[in-house]
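Engineer: Sharing a structure with you now.
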Amino acid sequence: MKREELFDKIRQQTFWDVIIIGGGATGLGIALDASLRGYSTLLLEQHDFTKGTSSKSTKLVHGGVRYLAQGDVGLVIEALRERGLLLQNAPHLVKNQTFIIPNYQWRRGLFYTIGLTMYDILAGRLSFGRSYYIGRKEVIRRLPTIKQQNLKNGVVYHDGQFDDSRLAIHLVRSILENGGVTVNYAKVTGLNKSNGKITGVFVQDMETGSTFSLQSKLIINATGVFVNDVIQMDVPDSPDLVRPSQGIHLVVDREFLPGDDALMIPKTDDGRVLFAVPWHDKVVIGTTDTPINETSLEPQALDREIDFVLQSAGKYLEKPIQREDVRSVFAGLRPLAAPKKAAEKKTREISRNHKIIVSNSGLLTITGGKWTTYRKMAQDVLDKAISLGKLDKRKCVTETFSIHGFQKNADRNNPLYVYGSDLADLEQLTAERPELSERLHERLTSIKAEVVWAVRFELARSVEDVLARRLRTLLLDARAAIDVAPIVADLIAEELNYDENWKRKQIDDFVQIADQYLLVPYKQQ
């Protein structure tokens, strides 16, 4: 998976059936579907895969309990089905996670048991398991850090949990293995038109600065919260099609939620649900819902959002979480596709359904949606292109496709389980070079071999690529990520033959980003 070879292929094949702009969940899903249907497929990402929203989710594959409460049954049914398919297609990265709703009023136990039983029924044959009522003592046994005063009972239900960026990288590998091409750091700078119809794109290699043009039957805009940037390349001054909403997450040690169950609070003061979910060896707590006017690749968690999550969690955990307890804080933007009549609605009330917009020039734009429904979004947009006569009719086969790394019954006690069927090859690398079996940091489970693997086989190009999206270190422990940045820079530079100047700049750039993930300023240990 050498980047230079991929770019050579792109330059040699100047005409493509499908060109997708955007390397997040939606774009990667479309690229996989298109390559499996046999279309010549190219995906272009201006930064790194899932740099934006798709690496900063709540790590849930779920139908959406709150969407059921809002009456959006159609979305819930679709998402529950896709949840089940994703567990079948990537069992090494998706797991069945139990959630507990603690209740401090007796009637809430019955109310949520009935509602979640409907949730289970809607999942049909792809159900993850039935919901059930538990008493106070059982809640305390399973959630030993839960606030016990006035606790009455609880309800257990099932949903999915996953690692978003790891899934994305395995989608990248699946695309490449099935004839498609995906490249990061390749920016679309403009759209080529003939007689008012889009015929291709202008591209810049962000590493070399070289530019070139490509032709295609179909251009798909799958850039999430940045869809309007591409639309304005087509039609300047077009109105915004998305209403971005920011959600933040705090990451803390497992001592705050030591069991295997996740905690779910159905309604916080801002009307959203609050999750505390075990993820790797940490707990992810979130999320907020803050309307945002400006989009950014690195959105900032606002102080009021941080305080809100800390205060909300403190209402349900015996031990309050202090700022110094937070290992990392990350913020992500949701690309909400709101209809015009919903202009005055709060963002939490806007449906997560996706929308496909076809411009007069032939540009297809897809907005909205979420990770859970990425496969269905891809199927819908390609089926739409077929109905418009832009592509030959070919059947979607992603429902039963085993994503790269597919492995049933992965040993989740092994920190390297996320590599699935690649694990044996990764272990072979450490056998050939025993020094690569060393851990990067005393608080981390990651080893040096993972850095080399990320560069050789997962198109990682920078310290940030490795620590933020391949190893997830930045999201799990930002201070430790800063500590190990020099080690990671050395390993990457050795693989890619970069010099000391490159390493120094990489470390400086990464520290500047990582500082934003800390609530307490970094101090060198």
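Engineer: What are the ³J(HN,Hα) couplings of the range 511-522, residue after residue, when phi is run through the Karplus curve with 6.51, -1.76, 1.60 and θ = phi - 60°? Round to Hz, x for glycine and proline.
Structural biologist: 4, 4, 6, 5, 4, 6, 8, 9, 8, 10, x, 5
Engineer: Short version: what are the Cα gyration tensor semi-axes of the range 270-311, square root of 5 times each eigenvalue, largest first, in whole Å? Spell out each step's value before the answer.
Structural biologist: Numbers: eigenvalues 83, 40, 19 Å².
With the √(5λ) rule applied to the range 270-311, the semi-axes are 20, 14, 10 Å.
Engineer: Would you mind computing, in nm to one decimal, how far apart the modelled labels at Q300 and D499 are, each placed 7 Å from Cα along Cα→Cβ?
Structural biologist: Placing both labels 7 Å beyond Cα along the Cβ direction yields 3.5 nm.
Engineer: Dipole magnitude of the chain about its Cα centre, charges +1 at Lys/Arg Cβ and -1 at Asp/Glu Cβ only, in debye to the nearest 20? Mind showing how you got there, number by number?
Structural biologist: Details: 70 positive and 66 negative charges, 460 e Å.
I would put it at about 2220 debye.
Engineer: Could you sort the peptides 289-299, 369-379, 484-494 by per-residue average Cβ neighbour count (10 Å cutoff), highest mean leading?
Structural biologist: Highest-to-lowest ranking by the protection proxy: 369-379, 484-494, 289-299.
Engineer: Sticking with this one: What are the ³J(HN,Hα) values, in whole Hz, obtained from phi via the Karplus relation 6.51 cos²θ - 1.76 cosθ + 1.60 with θ = phi - 60°, for each residue of the range 450-462 in sequence order, with x given for Gly and Pro?
Structural biologist: 5, 5, 4, 4, 4, 6, 6, 10, 10, 6, 6, 10, 9
Engineer: How big is the charge dipole of the range 417-517 about its Cα centre, in debye rounded to the nearest 20, if each Lys and Arg gets +1 on its Cβ and each Asp and Glu gets -1 on its Cβ?
Structural biologist: The calculation lands at about 240 debye.
Engineer: With just the Cα atoms defining each centre, how far is the range 304-328 from the range 189-265? Give it in Å.
Structural biologist: Result: 31 Å between the Cα centres.
Engineer: Same structure again: Note down the magnitude of the dipole of the range 122-276 about its Cα centre, charges +1 on Lys and Arg C-beta and -1 on Asp and Glu C-beta and zero elsewhere, to the nearest 20 debye.
Structural biologist: 760 debye
Engineer: Could you give the distance between the Cα centres of the range 349-418 and the range 497-525, to the whole Å?
Structural biologist: For the range 349-418 versus the range 497-525, the Cα centre distance is 35 Å.
Engineer: Give me the number: length gained by fully extending I121 to S359, i.e. 0.36 nm times residue separation minus the C-alpha to C-alpha distance, one decimal in nm.
Structural biologist: Taking 0.36 nm per residue and subtracting the Cα distance, the gain is 81.8 nm.
Engineer: With the radius of gyration and the Kirkwood radius both derived from the Cα set of the chain, what is their ratio Rg to Rh? Provide the component values of the computation, followed by the final result.
Structural biologist: On the way: Rg = 22.6 Å, Rh = 23.7 Å.
Radius of gyration relative to Kirkwood radius: 0.95.
Engineer: Still on this structure, please answer the following. Check the straight Cα-Cα distances from K147 and name the lysines below 19 Å, setting aside those fewer than 8 residues away within the same chain.
Structural biologist: Those lysines meeting the cut-off are K137, K267, K315, K319.
Engineer: Go through L36, Q407, H354 and say which Cα lies farthest out towards the positive end of the charge dipole of the chain; charges sit on Cβ, +1 for Lys and Arg, -1 for Asp and Glu.
Structural biologist: H354
Engineer: Out of G135, H170, G332, whose Cα points farthest toward the positive end of the dipole of the chain (charges: +1 Lys, Arg; -1 Asp, Glu; placed on Cβ)?
Structural biologist: G135
Engineer: Hey, another quick one. Using just the helices of the chain, give the 222 nm mean residue ellipticity in deg cm²/dmol: DSSP H runs with n ≥ 4 each add -39,500 (n - 2.57), and the total is spread over all residues, rounded to 500.
Structural biologist: When only DSSP H runs of four or more count, the value is -10500 deg cm²/dmol.
Engineer: How high is the relative contact order of the chain, in percent, counting Cα pairs under 8 Å that sit 6 or more residues apart?
Structural biologist: For the chain, the relative contact order is 19 percent.
No value in this document is a laboratory result; all are computed from the given coordinates. Here the structure is a predicted model, which means the values were calculated and not measured. A quick note on method: Cβ atoms are made from the backbone with ideal geometry, for glycine too, and the neighbour counts reach across all protein chains shown.
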